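Each remark here refers to the structure printed beneath this line.
Where a number appears in this text, it was derived from the coordinates with a stated rule and is not lab data. Note that this is a predicted model, so its numbers are computed, not measured. Cβ atoms come from the backbone with ideal geometry, glycine included; neighbour counts cover every protein chain shown.
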Amino acid sequence: MPSRVSDDFMAHPVNLHQKHLDLSSVKELPDSHAWVSPEELCSSGASRDTESIPVIDLNGPNATKLAGQACKTWGAFQVTNHGIPESLLDKMEAAGRKLFSLPIQQKLKAARSSDGVSGYGVARISSFFPKLMWSEGFTIVGSPLEHARQLWPKDYNNFCDTIEEYEREMKALAGRLMWVMLGSLGITKEDVNWSGPRGEFNGACAALQFNSYPACPDPDRAMGLAAHTDSTLLTILHQNKASGLQVHREGTGWVTVPPLPGALVVNVGDLLHILSNGLYPSVLHRAMVNRTQHRLSMAYLLGPPSCVQISPLSRLVDHGHPALYRPITWSEYLDTKAKNFNKALSSVRLCAPLNGFADANDHGSVTVG
Ligand SMILES: C=C1C[C@]23C[C@@]1(O)CC[C@H]2[C@@]12CCC[C@@](C)(C(=O)O1)[C@H]2[C@@H]3C(=O)O
Ligand SMILES: O=C(O)CCC(=O)C(=O)O
Ligand SMILES: [Fe+2]
């Protein structure tokens, strides 16, 4: 995984006081983390849990068709029968738990530097919000060795081996999912020349993100991870047993994605939105927190090879369907996101979509914070 995935957030270092509070020992929600005032509490953050994103059996006969429908209508789905061993997911969860349960001073030894992308810290989108999120994160781009050594000077091999195994398995699954999702649009390997000779997306870049959401003394007024879309082709997310992920759907509102044993969540990211010429919306999502349970999630963020310019696939462009976005590399897009956050996708857009839908990020009615 080349480390140029991005140095782009470095121009916008998070610079907020109290950014390294030990959240698990806080007994009362500090004002720095209060997104909702007590007066606003009744009307805020309502979510509908009567429906949720589809659950798709990856080995089922209709996987391609169902994935296409899910991507078009939700920009997300849960996948089962994905082939990732449960034991590996358990090992990753244990690795995340071990990491976040270290004393804060130890975690800060592996802090993400102001000009870096890997390491421990608050969500990098924090700089766009007046309040801090009830979470901490650890990002891995390239080798985790240096940071693992700082965290566990005598015992870093286990962590590194688990990460390496997870990345290998996730890379293969991400390639499979790309073809299922693109296949539904009639896209073949010949249409995506950067997918490699066997269409394995071997040169693809990726990042791995551990998220930790400690139990919160006032969960209705806090925010785990503010609403955002991922700057990826696709994201594969594993969440532990504690619920918290919500996706936003136009006309429906916020909907909880319940943790299902053995299932992984797949999100359409901004670059797949561009590649599909707007046919697959990148899903707006956020993470809520709760009073009693420590929530953990791990995201595998897939992007294209660093030299590739992503633009709408030519098979999806004709007179009636002009290209909606200009070509852009992943690194350039991450840079744009770091500067413009939820305006990044529209800043790359060439013309308004013909179907009249705006990008997920542009919903006037959705508060992203
Ligand atoms: C490749 C990347 C996508 C990401 C920024 C990053 O350089 C590494 C971390 C990713 C992450 C994970 C949590 C949510 C998010 C918005 C963030 O703040 O960091 C995403 C970034 C993204 O998708 O834009
Ligand atoms: O924790 C979650 O459920 C969401 C995490 C997420 O959106 C991310 O890492 O990009
Ligand atoms: Fe995300």
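Given just the C-alpha atoms of the stretch 246-340, how large is their convex hull per residue in cubic angstrom?
Numbers: hull volume 15.2 nm³, N = 95.
Roughly 160 Å³ of hull volume per residue.
Diffusion of the stretch 54-197 by Stokes-Einstein, at 4 °C in a medium of 1.567 mPa s and with Rh set to the Kirkwood radius over alpha-carbon pairs, works out to 72 µm²/s. Think of the stretch 166-227 as a dipole: +1 on every Lys or Arg Cβ, -1 on every Asp or Glu Cβ, centred on the Cα centre; then among Leu225, Ile187, Ser212, Ile187 lies furthest on the positive end.
Take the Cβ atoms of Ala172 and Asp22, set R0 to 56 Å, and the FRET efficiency comes out at 0.90.
Shape analysis of the stretch 212-291 places it in the prolate category; the axes a ≥ b ≥ c from the Cα gyration tensor give an a/c of at least 1.5, with a/b above b/c. A Cβ-based charge dipole, computed about the Cα centre of the stretch 22-96 with Lys and Arg at +1 and Asp and Glu at -1, lands at about 500 debye. Pairs Lys98/Lys171; Lys27/Lys107; Lys27/Lys337; Lys19/Lys171; Lys72/Lys98; Lys109/Lys343: which are spaced more than 27 Å apart, C-alpha to C-alpha? Among Lys98/Lys171; Lys27/Lys107; Lys27/Lys337; Lys19/Lys171; Lys72/Lys98; Lys109/Lys343, the Cα-Cα distance tops 27 Å for Lys27/Lys337; Lys19/Lys171; Lys72/Lys98; Lys109/Lys343. Length gained on full extension, Asn193 to Arg315: 42.6 nm, using 0.36 nm per residue less the C-alpha separation. Panel values: the stretch 91-155, Kirkwood radius from alpha carbon pairs, Stokes-Einstein at 20 °C and 1.002 mPa s, translational diffusion coefficient 170 µm²/s.
Net charge dipole, the chain: roughly 160 debye, given to the nearest 20, about the Cα centre with Cβ charges of +1 for Lys and Arg and -1 for Asp and Glu. Screening the chain for DSSP H helices whose Cα atoms reach 24 Å or more along their own axis and whose mean Kyte hydropathy is at least -0.5 gives 157-183.
The Cα-based radius of gyration of the chain, divided by its Kirkwood radius, gives an Rg/Rh of 0.94. Distance between the pseudo-spin-label points of Cys351 and Gln106 (7 Å out from Cα toward the beta carbon): 5.9 nm.
With both residues required to sit in the chain, DSSP beta bridges show an antiparallel share near 90%.
The charge dipole of the stretch 192-325, taken about the Cα centre with unit charges on the Cβ atoms of Lys, Arg (+1) and Asp, Glu (-1), comes to about 300 debye, rounded to the nearest 20.
Of His319, His228, His20, the residue with the greatest mean-square motion in the GNM of the chain, using alpha carbon springs below 10 Å, is His319.
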